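The values are calculated or read from the model by the stated rules, or taken from the named source; none is laboratory data. As the structure is a computational prediction, the values presented were derived from the model and not from experiment. Heads up, the Cβs are rebuilt from the backbone with ideal geometry, glycines too, and the neighbour counts pull from every protein chain shown. Protein only, heavy atoms only, side chains kept; ligands, DNA and RNA dropped before computing areas. Shrake-Rupley method; radii C 1.70, N 1.55, O 1.52, S 1.80 Å.
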Amino acid sequence: MEDTDVLIVGAGPVGLTAAAELRRQGATCRIIDRLPARLPYAKAVGVQPRTLEVWDRMGMVRAALEAAVPMRGQLMYADGVEQARFELRLPPEVPYAFAALPQYETERIIEEHLARFGTGIERGTELLGFTQDEDRVVSRIVTASGAQEELRSRFLVGCDGAHSTVRKGLGLTFEGGAFPEEYMLADVEVDWSLPEGYGVRALHHDADGRVDDVLVCIPLPGDRRYRMSMLVPPELSTKGGSAARGERAHGLEGGRAPRLEHIQAVVDRLSPEPATASTMRWSSVFRISHRLVDRYAVGRVFVAGDAAHIHPPTGAQGMNTGIQDAFNLAWKLALALDGSAHPRLLDSYDAERRPVGEEVVGRTVRHATEGGVPAPKDDMTTVILREAQLLVAYPDSPLTATNGAGPGDRAAPGPGPGERAPDCRGLTTGLAVTPLRLYDLLRDRGHVLVLYADSADALTACHEAAATAGRLTGGRVPAFVVAGDDDQVPAVHAPGGANGRHLPVFRDEAGEFERLYGAKGATAFLIRPDGYLTARLARLTPAETEPALADALGRVFRL
């Protein structure tokens with residue numbers, strides 16, 4: 001008998017996300033971390049709009065919005081001259097902007113959310129090793145008291161960072177390389193008059209045009225507070241330490257911590273205007289590597305976050321990618337644990353997330369090498385959407401049902417199978433005085449069948465599709481209708497089905513759903529727990545609806 005469904009190793013943002021989503025979905029888990037307490041360092045500070053959408057789906061975005069500050073853009077300087085000002089503007093239908101939040105605050109927020117499910121972190125507890133067979137994983141752990149235990153679980157998830165014990169225990173490769181430069185990090189306040197909410201990137205070039213000095217500042221909550229990074233001076237260099245011993249050098253290094261005078265010296269050289277740094281909360285030296293694991297899973301054991309991919313911090317992609325790894329994996333594990341998953345569902349974790357990790361590693365290395373400036377040929381809207389992680393998609397996933405869209409339908413606007421389901425505003429019902437967002441209706445749910453109807457006949461077809469989905473999955477997939485703003489479509493709940501439940505209908509009063517989803521007639525959108533489309537089924541008819549839904553649902557569920 002297992003002690004828990006899932007053992008999670010590592011209680012950073014990635015491990016906490018996995019634990020919180022597993023508990024929300026009804027699975028049991030234990031989460032261990034070798035550290036005795038949360039580290040008070042503002043390491044990963046950028047929170048992407050897509051991560052805020054994930055937190056919205058999990059029901060915990062409010063706390064993040066209260067604690068974070070907006071990232072409005074970036075100011076670029078070279079040799080004391082302003083080169084560019086990038087505004088981080090997103091389309092109006094995107095519900096959340098770019099944000100900055102110290103990593104310890106991110107961890108606090110997710111940990112407090114996890115505690116609502118009665119689960120806490122087992123601090124000072126370390127994984128020593130593990131074995132697995134077809135049925136379970138047996139892990140050897142040492143607790144804070146020094147006692148060694150064996151812990152049996154159905155699955156093991158390694159969220160234990162760049163030096164992952166889980167990854168090493170699986171014997172996975174972690175190919176890549178390291179950047180030769182060493183950097184300082186510092187959390188300080190600075191008294192310049194630059195606009196709030198903007199990151200600052202200032203470079204200096206030598207006589208040959210090479211970058212020989214750099215200052216990068218990311219705003220943090222507080223009065224002109226920034227997380228600054230810069231090249232390390234020779235007296236603080238850790239070269240000859242971990243790198244010389246053949247270890248993978250990535251992240252904070254031991255040794256001498258930079259003092260405020262080290263930070264001020266760089267500010268004096270590179271700040272766009274005279275400024276004084278003060279109130280230093282912490283500082284460190286760090287190095288950067290870029291590596292990608294060869295597989296994200298072996299049997300019942302998985303890796304996520306820095307245990308699977310490490311890369312330059314350019315664009316604040318690392319933590320956000322890891323959080324989305326964890327969310328992608330957690331809902332699949334939950335379905336596997338309750339016996340309702342397709343036997344190969346868990347294989348889709350590697351199939352979907354490893355290509356994302358590969359793209360992020362390649363892109364961040366390229367940007368770091370090029371100085372972080374988009375190439376002239378790059379469309380800035382696309383660049384910003386990609387940095388926001390809103391362009392991540394799974395069109396080639398085994399879970400994505402590409403049939404049923406109908407001939408020529410993909411020429412129409414709106415998301416296709418495997419793409420992110422966008423939010424939309426202006427949904428009304430007789431029970432809510434204030435119009436709702438689509439994400440309000442998806443929050444804190446699993447798979448949802450969203451149906452569109454623009455006529456009374458289409459509404460009847462939607463009712464039949466909802467009944468079919470319920471019958472195929474034993475009621476596991478709820479449904480609701482978004483009705484076109486047409487007098488022919490009753491703006492009331494559709495008649496009850498065999499289970500006695502009515503089908504909720506929401507009016508698309510602003511027309512945003514029709515426009516953003518390219519919906520016509522009777523159309524079904526099967527939306528996953530992580531907000532991507534498993535299927536888009538157009539022109540629903542009795543003859544086609546059941547086989548199309550059976551194909552789409554059968555990729556996820558054991559029907």
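Taking a probe of 1.4 Å, how large is the accessible area per residue of segment 74-165, in Å²? Mind dumping the intermediate values first?
Values: 4340 Å² over 92 residues.
With all protein chains present, segment 74-165 gives 47 Å² per residue.
Full extension of the chain between Q83 and R269 gives 65.3 nm of extra length, using 0.36 nm per residue less the Cα-Cα distance.
Which is the longest run of the chain containing none of the GluC sites (Glu not before Pro) found in DSSP loop states (not H, G, I, E, B) with at most 14 other C-beta atoms within 10 Å?
248-559
Tell me what the chain gives for mean residue ellipticity at 222 nm when only DSSP H runs of n ≥ 4 count, each as -39,500 (n - 2.57), the sum divided by the residue total, rounded to 500 deg cm²/dmol. -8500 deg cm²/dmol, from helical runs alone. Our coupling estimate for segment 226-235, obtained by passing each phi through the Karplus curve with A = 6.51, B = -1.76, C = 1.60 and θ = phi - 60°, is 9, 9, 9, 10, 6, 5, 7, x, x, 5 Hz, Gly and Pro reported as x. Assuming a ≥ b ≥ c are the square roots of the Cα gyration tensor eigenvalues, decide whether segment 96-161 counts as rounded (a/c under 1.5), prolate (otherwise, with a/b larger than b/c) or oblate. Note, shape of segment 96-161 comes out prolate. Once the Cβ-Cβ distance of D379 and E150 is raised to the sixth power relative to R0 = 45 Å, the FRET efficiency obtained is 0.25.
Based on the Cβ-Cβ distance of D213 and R558, what FRET efficiency does E = 1/(1 + (r/R0)^6) give at R0 = 56 Å, to the nearest 0.05?
Values: r = 59 Å, r/R0 = 1.05.
After rounding, the FRET efficiency stands at 0.45.
The label point for R123 and the one for F179, both projected 7 Å from the Cα toward the Cβ, are 3.2 nm apart. Please return the longest stretch of the chain lacking exposed loop sites, where trypsin sites (Lys or Arg not before Pro) count only if DSSP places them in a loop and at most 10 other Cβ atoms lie within 10 Å. So the longest stretch without any such site is 1-209.
Expected output is a single nm value to one decimal: the length gained when fully extending between A543 and V433, i.e. 0.36 nm times separation in residues minus the C-alpha distance. What is it? It would help to have the intermediate numbers written out before the result.
Numbers: separation 110, 0.36 × 110 = 39.60 nm, distance 3.86 nm.
Here the answer is 35.7 nm.
Where the accessible area of segment 263-350 is counted over protein heavy atoms with a 1.4 Å probe, how much of it, in %, is carbon and sulfur?
49 percent
Note on D485 and A510: their simple-model spin labels are 1.1 nm apart, each label 7 Å out from Cα toward Cβ.
The label-point distance for T460 and R116, in a model that sets each label 7 Å from Cα toward Cβ, rounds to 4.2 nm.
The alpha-carbon of K332 sits under 16 angstrom from the alpha-carbons of these aspartates and glutamates, leaving out residues fewer than 8 places away in its chain: D5, E21, D347, D350, E352, D444, D530.
Along the charge dipole of the chain, Cβ charges K/R +1 and D/E -1, which of P398, L194, P102 sits furthest on the positive end? Positive-most Cα among the choices belongs to P398.
Extension gain for D191 to R259 (0.36 nm times residue separation, less C-alpha to C-alpha distance): 22.7 nm.
Here, P(r) means the percent of Cα pairs in each 10 Å bin from 0 to the largest distance; for segment 46-180 it is 9, 24, 26, 25, 11, 4, 0.
For the chain, state the semi-axes of the equivalent ellipsoid (square roots of 5 times the eigenvalues of the alpha-carbon gyration tensor), sorted largest first and rounded to whole angstrom.
Numbers: eigenvalues 364, 175, 78 Å².
After diagonalising the Cα gyration tensor, the semi-axes are 43, 30, 20 Å.
If you take the beta carbon distance between R366 and V298 as r and set R0 to 25 Å, what does 1/(1 + (r/R0)^6) give as a FRET efficiency, to the nearest 0.05?
On the way: r = 30 Å, r/R0 = 1.19.
Efficiency for this residue pair is about 0.25.
Once the 1.4 Å probe is applied to the protein heavy atoms, segment 279-321 comes out at 26 Å² accessible per residue. Using a probe radius of 1.4 angstrom, the carbon and sulfur fraction of the accessible surface of segment 1-84 is 51%.
In this Cβ point-charge picture (+1 for Lys and Arg, -1 for Asp and Glu), the chain has a dipole of about 960 debye about its Cα centre.
Looking at the square roots a ≥ b ≥ c of the eigenvalues of the Cα gyration tensor of segment 429-468, which shape do they give, rounded for a/c under 1.5, prolate if a/b is larger than b/c, or oblate?
Values: a/c = 2.80, a/b = 1.33, b/c = 2.11.
Oblate, since a/c reaches 1.5 and b/c is not below a/b.
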